[in-house]
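The values are calculated or read from the model by the stated rules, or taken from the named source; none is laboratory data. Since the model is a prediction, treat every value here as computed from it, not as a measurement. Neighbour counts run over all protein chains shown; Cβ positions are idealised from the backbone, glycine included.
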Amino acid sequence: MLRRYLSREIEEWIRGGLLDAGQGAALLRDHDRRHTGLNLSSVLAVLAAVLFGAAVIALVAANWELIARPLRVAMILVFIIGGLSGATFAVLRNAHWIAEALLVFTLLCFGAGVALVGQMYHLSGDEAAFMLSWTIGALVVSVTYSSPMAAISAGLLALGYLFTVSDGLGIFSSWHGPDLAGYIVALVVTAAVGVAAWRSRSVMAGHLGAVMLLCAVVWIAEEATELNPSYLLAAIGAVAFAAGSLMPLQSDAPFSRHGTLSAYGAVLLLGGLGMVQADAEITSLPGIMAFAALVLGTSVGVLVVAGGENRLIRRFAYFAFSCETIYIVGETLGSLLGSAGFLFFGGLVLAAMAYAMMRLEKRFKKEGVQT
Amino acid sequence: MRALGQLLRREIHPVLALLLAGCVLIGLPGWMILDRAAILRNGAEIVFKTAPVDPRDLMRGDYVRLRYEEISNVDGSLFKGELPAHDGPVRLWLTLHDGEDGLGVVKAVSLNTPVNRAPGEIFLRSNPTRWTRSGSSEAVAGQLSLSFGIERYYVPEGEGLEIEAARNQQRTTVAVRISDKGDAQIARIMIDGKALYEEPLY
């Protein structure tokens, strides 16, 4: 995706005389040399590993009596040791994608092994413990091998664990009651996913860790406090956005200005405000207008502060702005006018919005040229 | 901050990684197996009447779901002693003994670990259950819905039917072994008192 974009841009630069043809090719070659990451063969290797692992899981699930239970356990253990040894060998030989594929296979076999124990001894009601064991296995593999695929697996499994242990973050269950040990385990697992992501330099695992942290916070807020999670998310978003976009940054700060932290902040702030609005059931017209003004103002504010630098923030702010506008148009005009009038006014409002956004875009472009 | 970041990123030698990860990935299931086998070997045995139904688990295959007439729903009036101080997940203890027909009977339910074991009594600990205080009443009203981690019996693919058929005539019983710590482990599933599957230790 990025390579296609880059080669198109380079072609454009060559045509515009900004680059020589030879230079363009050299730049692309350099890009290819440094980003060999996700080539087809490595993707296929990981997919093959997933299929082999799934086959092992299916074999366990069949509970086939022809293979005696100790033999099944031994088989799984041999797979785990074989997978780990192979991965070690591959790392020593610098074949990192083979190592990644073997580690994914090992982790699937480990999950099958834990499931097999549950099957052998007819355990029930242990879904959370099962997910936790599997997550711990993935975390250990990721941390010891600095493996990005294992870190991503650990993030996904950790999310699975969190949803199992919290009964869907406590939002869908009628049950309210503090479970201190559960919260501590969830937060420790979240921190471990963060460490695994950091060690393996996996951006995807980092995002999974961030999502896990937010989910854990929502769960704890929902169950253990009187706080409304929507307010909390909006507040976290405001703080994150302020930290990412407004605070003076030190030179060795771990995040960049208007970067990922700001993007998380913007999405949480606007999303949280939307949820508050949906929750609050404001009925008076002035109340609705005041809240809508807050949301619109916030999205414009986010846009002005960070929209020029960060495409994701810009798009999300537009999206929030549009949703909110359509919402107030629906709430206010729909009741006063017939449907034809409503559609007409809707069109007018959208046209006005498009005009306003064009002006904003132009402003960003001008600023871009000046700097 | 930066130093900590670099420290966290220090690579482990692959062979050391193999040893560490291998210990955990082998040790965890191994420990679970030994733990369970110990209950089967040393636990005290008690028999319950049960009623199974037949669903499927993605990772572990076919199983029959077991409900125990005596212990899955326990009369709140059997509750003895101190009540939980707060709403929240609690693990309750059942005091069991053999009834006249050889099946297990609940004698008492309590929050605290029972002491002074009378001859023939077995203590069984429930999984965390949802405890909410109903109003201001100090007594436990109604039924307590409990589980013990013995509510599933995994069978080879497609073989749940025999147990299912016997369920309809209320002929299925399950022998459960219970460790000193109150953990339960299915030992045998029986139809008309005859073992259908005997569980080997490993």
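Kindly establish whether A:A54 is over 27 Å from the mean Cα position of the chain (by Cα) and either charged (D, E, K, R) or part of a helix (DSSP H, G or I) (or both). Judged against the criteria, A:A54 is not a match. Do we have any residue at all in segment A:63-76 that's touching a residue at least 40 places away in the same chain (Cβ under 8 Å) and either under 30 Å from B:H13 (Cα atoms) or under 31 Å from the mean Cα position of the chain (by Cα) (or both)? Yes, segment A:63-76 contains a residue that is touching a residue at least 40 places away in the same chain (Cβ under 8 Å) and either under 30 Å from B:H13 (Cα atoms) or under 31 Å from the mean Cα position of the chain (by Cα) (or both).
Take A:V60 and tell me if it is of a type outside the set (S, T, N, Q), at the interface with chain B (Cβ under 9 Å from one of its Cβ atoms) and in a helix (DSSP H, G or I). Yes: the conditions hold for A:V60. Within segment B:86-101, the set of residues being within 14 Å of another protein chain (Cβ to nearest Cβ) and farther than 16 Å from B:T113 by Cβ comprises B:H86, B:D87, B:G88, B:P89.
Within segment B:1-45, being acidic (D, E), in a helix (DSSP H, G or I) and farther than 25 Å from A:T135 by Cβ holds for no residue. Of all residues in segment A:278-295, those that are in contact (Cβ under 8 Å) with a residue 40 or more places away in the chain and either touching a strand residue (DSSP E or B) at 6+ places or on another chain (Cβ under 6 Å) or surrounded by 16 or more Cβ atoms within 10 Å (Cβ to Cβ) (or both) total 1. Just one of (1) out of contact with any Pro (no Cβ under 8 Å at 6 or more places or on another chain); (2) surrounded by fewer than 16 Cβ atoms within 10 Å (Cβ to Cβ); (3) on the phi > 0 side of the Ramachandran plot fails for A:H258. It is (2). Scanning segment B:4-37 for residues that are within 31 Å of the chain's Cα centre (by Cα) and more than 7 Å from every other protein chain (Cβ to nearest Cβ) turns up B:C23, B:G27, B:G30, B:W31, B:L34, B:D35, B:A37. Taking the criterion of being over 28 Å from the mean Cα position of the chain (by Cα) and facing another protein chain (nearest Cβ under 10 Å), the residues of segment A:94-116 that qualify are A:G113, A:L116.
Conditions (1) touching a helix residue (DSSP H, G or I) at 6+ places or on another chain (Cβ under 8 Å); (2) within 20 Å of A:A150 (Cα to Cα); (3) assigned to a helix (DSSP H, G or I), marked per residue:
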site: A:L19; (1), (2), (3): yes, no, no
site: A:E65; (1), (2), (3): no, no, no
site: A:R72; (1), (2), (3): yes, no, yes
site: A:T88; (1), (2), (3): yes, yes, yes
site: A:V91; (1), (2), (3): yes, yes, yes
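The number of residues in segment A:211-242 that are touching a residue at least 40 places away in the same chain (Cβ under 8 Å), crowded, with 19+ Cβ neighbours inside 10 Å and among the small types (G, A, S) comes to 3. Kindly evaluate A:S7 against the criterion of being more than 30 Å from B:M32 (Cβ to Cβ), in contact (Cβ under 8 Å) with a residue 40 or more places away in the chain and in a helix (DSSP H, G or I). In short, no.
Annotation note: Cβ proximity below 8 Å between a residue of segment B:69-86 that is surrounded by 13 or more Cβ atoms within 10 Å (Cβ to Cβ) and part of a helix (DSSP H, G or I) and a residue that is of a type in the set (D, E, K, R) and at pLDDT 80 or above (sequence gap 6+ or interchain) occurs for B:L78/B:K107.
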